[in-house]
Structure formats: C-alpha cells, structure tokens
1. Go through Glu188, Glu171 for me and flag whichever is crowded, with 18+ Cβ neighbours inside 10 Å, acidic (Asp, Glu) and over 18 Å from the mean Cα position of the chain (by Cα).
2. Got a number for residues in segment 17-31 being free of Cβ contacts under 8 Å to residues at least 12 places away in the same chain and either surrounded by 11 or more Cβ atoms within 10 Å (Cβ to Cβ) or of a type in the set (Ser, Thr, Tyr) (or both)?
3. Considering only residues that are hydrophobic (A, V, I, L, M, F, W, C) and touching a Ser or Thr at 6+ places or on another chain (Cβ under 8 Å), look in segment 123-145 and name the one that is surrounded by the most Cβ atoms within 10 Å (Cβ to Cβ).
4. Before we move on, is Met1 touching a helix residue (DSSP H, G or I) at 6+ places or on another chain (Cβ under 9 Å), closer than 25 Å to Glu255 by Cα and either surrounded by 12 or more Cβ atoms within 10 Å (Cβ to Cβ) or of a type in the set (A, V, I, L, M) (or both)?
5. Considering only residues that are open to solvent by less than 40 Å² (accessible area, probe 1.4 Å) and either under 23 Å from Leu74 (Cα atoms) or of a type in the set (Val, Ile, Thr) (or both), which ones fall in segment 212-228?
6. Of all helices (runs of 4 or more DSSP H) completely enclosed by segment 1-115, which ones contain at least 1 residues that are more than 30 Å from Leu245 (Cα to Cα)?
7. Tell me, please, whether a residue that is touching a Cys at 6+ places or on another chain (Cβ under 7 Å), closer than 21 Å to Leu264 by Cα, at pLDDT 95 or above and surrounded by 15 or more Cβ atoms within 10 Å (Cβ to Cβ) can be found in segment 84-95.
8. Somewhere in segment 204-215, is a residue modelled with pLDDT of 95 or more, out of contact with any Lys or Arg (no Cβ under 8 Å at 6 or more places or on another chain) and assigned to a helix (DSSP H, G or I)?
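The values are calculated or read from the model by the stated rules, or taken from the named source; none is laboratory data. Note that the coordinates shown come from a computational prediction; the quantities given were computed from them, not determined experimentally. Please note: Cβ atoms are built from the backbone with ideal geometry, for glycine as well, and neighbour counts cover all protein chains shown. For the accessible areas, the whole protein counts, side chains as well, though only heavy atoms, and no ligand, DNA or RNA atoms are used. Shrake-Rupley method; radii C 1.70, N 1.55, O 1.52, S 1.80 Å.
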Amino acid sequence: MPALAAQADVIAIDLLGFGASDKPRSRLADEPIQPGSVLYCFDLWARQVADAAISLFGLGETTGSERPAPQPELHLIGNSIGGMVALTAARLLEQEGIPPQQVILIDCAQRTLDDKRAAELPGLERISRPLLKRLVRQRWVIAPLFRLLAQPGFIRRVLQKAYPSGAHLDEELIALLHRPSTDPGATESFRGFVNLFSDYLAPELLVDLAVPVRLLWGADDPWEDPKEARRWAETFPCIQELQVLSGLGHCPQDEGPERVNPILLQWIGRSQNQTAQQETG
C-alpha cells in the first residue's frame, strides 16, 4: 500500500466476514432468513466495494447542474477471491453508469469447486462431491474443522505452499492471518465462505465487461493455473495485458512486492495517461 499511495489514494477493504470486519451468522441460499444473518456471496462484497468507492471517493457525484462533476479515477485491484470481488464490483459500477478506470486481477480465483465446473473434477472427487456439500453445511462439522484449520501451524503450511520462494513469510504475516480467526462469528463466516458452490465464475463476468482488465500472475501458483489466465487473455477483449512472474506463487504482491509494485504503478500511470490524452484529444 505505501508504494501505491505515492501515486494514488489507496484504501484496502476488510470485506464482511474477513479481517477486522464483523462476521455475522451465515445463511445459505436455501435457508430461511433470520434477523442478523447474511448470505455471503460476491454480490454482497461487490456492493460493499462499490459503496465504499462512492462514499469515500465521491464516485458518481454531480454538481447539481447539467454539467457533470469531475469523476475520480477508480482502479480496482484484487488478489484471489478478491479478484472475483473486484470483477463483480466493476460490473456493478458499470451497470450504474460509473465504471472504474480498470480492474487488475492478481492470481484471480478460478473457483474449480463451483457447481458449474463439477464435470471437470477427477472421478473420485466428482462422486464424493454431494456428500462433501452436505457435510460442510452442518455447523457440527464446520466448528471442529475450523478449529483444526485456524491454527498458526496449519496457516504456516498453507503459506509455504502459496509462497514457493519463502520470501516475506514470517511470524508477523502468520499472526496477521490468524488473528481474525479468533473473532466472534469467525466460524460462521467460514461456513458461508466454504459453501460458495454456486456463484460467479470469472469468465461469466469477463465476457460482457467493457472496463479494461489487466492480469498479473505468479508462475508457480499451486491453485490458480497461469494457463487458465493465458486462455482468458486470448478469449476476452476486455483483457489488455497479462504478465506472469517466474518464481512467485499465489500472492505475488506479498511474496515479491519489489517486482509487483512497479508493474502496478506502471499500469495505473498508463491508464491515467490514456485518460488525459482522451480528454485533450
């Protein structure tokens, strides 16, 4: 953030259910509405991002006259699931007539466990999938599972896979990721998240998006295959550029910020220059 803040006003949002945000009781799509319960989904998180951009940056403000107010340039940047939120927010803002300047996806989640991709799973996983879906709905299953996973040792093992170079993987990072798991309601937000079996896939959003999209990927990402990112880049006209960084994994912005930040600054600056040229052209 400090590197980007040298060139732009930057906010990082803790989405509902994540980080320091509240973690209300989860409600799955086929469950009855209860007071205070939340259906965790990309539309919910995208609305949060859009509302933050509107309220904090004045996006969509008018002058009260026929002449529109100058609009701030909004660049949405998201990693992994955050990339899906950024895409969904971009589509939402586009529909409301206040599209962002661009979307930058860093190792965007490809969501291989979504129902729409079930046919691609190996045979055993496909056969066991209905049982898995029934089990993770149950709070008596989710509670001990979450306690098992939300341990510093387990977090470290996951990070060692996500950060193949081991760079910037330290106790401070582990503590940062572990702390939200101790919040009231953390088990509920985990339940809502792991039951995202039917939501958007990136191609469903990219196909109609007019906003420019740029992709940044770690070549050694163990979960989000760079080959799929290359396929997106070849398929969807909105994608302007793809850069794949050797030796980096799922979170290149953390693992190799000295390589990622210059690219982000270049892309933000390039987009700003294009806008200036259009306004003076």
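1. Glu188
2. Total satisfying the criteria: 2.
3. Among residues in segment 123-145 that are hydrophobic (A, V, I, L, M, F, W, C) and touching a Ser or Thr at 6+ places or on another chain (Cβ under 8 Å), the one surrounded by the most Cβ atoms within 10 Å (Cβ to Cβ) is Ile142.
4. no
5. Within segment 212-228, Val213, Arg214, Leu215, Leu216, Trp217 meet the criteria.
6. It comes to 42-57, 81-95.
7. yes
8. yes
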